[in-house]
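First up is the structure itself, then whatever we jot down about it.
Bear in mind that the values in this text are calculations on the coordinates, not laboratory data. Just so it is clear, the structure is predicted and the values come from calculations on it, not from any experiment. Backbone-built Cβ (ideal geometry, glycine too); neighbour counts: all protein chains shown.
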Amino acid sequence: MPSHLLLLILHVTLIHAAAPPPFNHPDLPALLSFKTTSDISNNLSSWNMSLDPCGKTSFLGVTCLHNRVTGLVLEGLNLHGSFESLTGLGKLRVLSLKHNQLTGPFPDFSNFTSLKLVFLSDNRISGEFPKVLPDLFRLDLANNDIYGEIPVTVNKMTRLLTLRLEGNRVSGSIHFLNITSLRDFNISGNNVSGEIPASLSGFPGSVFGNNPVLCGFPLSECAPPKIPSNVVPSSPTSVPWTAEVPKRPGNSHAGGKLGTLAVAAIIIGDVLVLALVSLLLYCYFAGEKINEKNKNNVEGEKMIYVNSGVNSFEKGRMVFFDDARRFELEDLLRASAEMLGKGGLGTAYKAVLDDRNVVAVKRLKEVVIGGGKREFEQQMEVLGRLRHPNVVSLKAYYFAKDEKLIVYDYMTNGNLFWLLHGNRGPGRTPLDWSTRLKIAAGAARGLAFIHTFGSPLKLTHGNIKSTNILLDDSNNARVSDFGLSSITPQSAIPRSAGYRAPELSMSNTRKPTQKSDVYSFGVLLMELLTGKCPTMADNGEVVDLPRWVQLIAREEWTKEVFDLELMSYKDIEGEMVGLLDIAILCTSEAPDHRPMMENVVKMIHDIEEAETSLRRDVVDVVSDSPSVIEAGRVSN
């Protein structure tokens, strides 16, 4: 064989040997298929079949965990066509394809157990609302062409924090929506109709705008249903004289006789009913006259007595909210009751009604009410609309000259103060880190909801402290005792030791503000982290907790701050320091340096997600919630 031919064969062999084969990765086919159909501008040139999408030279916008694609962030890359092929990414957790030109219906991602964040706004995606993904945290489909009704099954998305559908063609009613976890919601610029449900009434009116037939708070009130003019209401006792009585076959005479008897029986029945009604009315008005003559007799008055040792007699009425179970004042009189606590605003009792229903009743001090009855009722109407999983619901109130009662849901697991400080000694069950973080997050969400509810109102709590953070049967934090500071004279506002913001302590004429609430919440976080009360003795001197924490942090003895009960937990120091930084920020001396509660919620949420990711990674399992890094990439 000639030498030049041998060299040619060798050269060709070397070329083929140098060409890498297609990479064998389970997610590569889906990625390359999507590139082929959608990447008309060749912005995904780094996606190469010879490369590992999870290797050192990773694909643009692709993130991986445990050698599987878990994140795909491709925003503003002029991508066209369908993204159906991405259903092949079985471990996908984060999908953000915002600001592209994608079309077609939303693919079926219902089998994706790991998918948590979906951002597809500003595309041309059409079709009906996507199938429900129960574990999804964020769903942003704004400014597309989604049409049809939102299915009732959307309420199964119990972890959903974001639902954005503005700028679509969604129609039908939303009265059934009840996703208590929602923090970011917008359905403006659609064709939805009917009444806004109570679960969404805390959002501003702008998120419901440009829906011509949508009504209810915070928009205009819904008009009552109209009765057509050609419909005449019928009387339940009236019988048309021309009504025909069915005749028996073959006996027309008997049928006519039966009709006469039936009409006669009806007439007699009507006469008897009228006579009975007349007798009842006579007895009623006779009784009213007797009571009028004996108006000083206590039998004709309402008596309020809630096992407090004080009797007062005053006419009043119970006013209930929403679908709260109705009961009379007499039911409270008969209820077995025990004192739960006594505070600056009044005394709280646990009342067990005859039907075993349990409520919490707060008996307000007389000095609490600064204004008159109208001011009190107006404030109660506002507070009665607050419905949130981290806020104690107001069920009813009672107002009389010498007695004011507020009825709340009863929380079975007591308050945070006793969980933290009760039974400090042998036999105590420590409050673990995960529970403390859960309580901090829940209390933050509850307070943020109060601050943002009906934004022009600028509601404040006014008395944040650990005894006002209650725990339900699942240890979810519920903020209580809120909103009373606005109807309380300055001299009667509780000055809770250690929680009061500096600007309020320097002046007795200033009312609590949202910024002073943030300060109090910062003290609460320090209380959770240190296990110490807001005021403490240090070398014989009474020191506020924020001052003590800052002194130790300044000396870089940070570990000395934390509760000894937390020292047995591994790998949580970073999270505790993170929460401590939030607490220090909240307790800044200058009110303007303190964050809004909405931002505090986000910061604590990041710590929660970091803890979840850390725990899952330790056992080599994909996290149930997106990591902080992934969430950060899609948050803008």
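For the pair S46 and M596 in one chain, pulling the backbone fully straight at 0.36 nm per residue adds 193.8 nm over the alpha carbon distance.
Computed from phi, the 3J(HN,Hα) profile of segment 396-410 under the Karplus parametrisation 6.51, -1.76, 1.60 (θ = phi - 60°) reads 6, 8, 9, 10, 9, 4, 10, 8, 10, 10, 10, 10, 10, 5, 8 Hz, with x in place of Gly and Pro. For E403, E75, E527, the sequence from fewest to most other C-beta atoms within 10 Å is E75, E403, E527. Measuring r between the beta carbons of E338 and A497 and using R0 = 35 Å, the FRET efficiency lands at 0.85. Each residue in D184, D354, D140 was given a count of other beta-carbon atoms within 10 angstrom of its own, and listing them fewest first yields D354, D184, D140.
Taking label positions 7 Å along the Cα-Cβ direction at both T36 and H175, the computed distance is 5.1 nm, reported to one decimal.
Amide H contacts under 5 Å for K404: L364, restricted to partners 5 or more places along the chain or on a different chain, H placed in the peptide plane at 1.01 Å from N. Approximating the spin labels as points 7 Å out from Cα along Cα→Cβ, the E560-to-S110 distance works out to 6.0 nm.
Label sites at E84 and K458, each approximated as a point 7 angstrom past Cα along Cα to Cβ, lie 5.5 nm apart.
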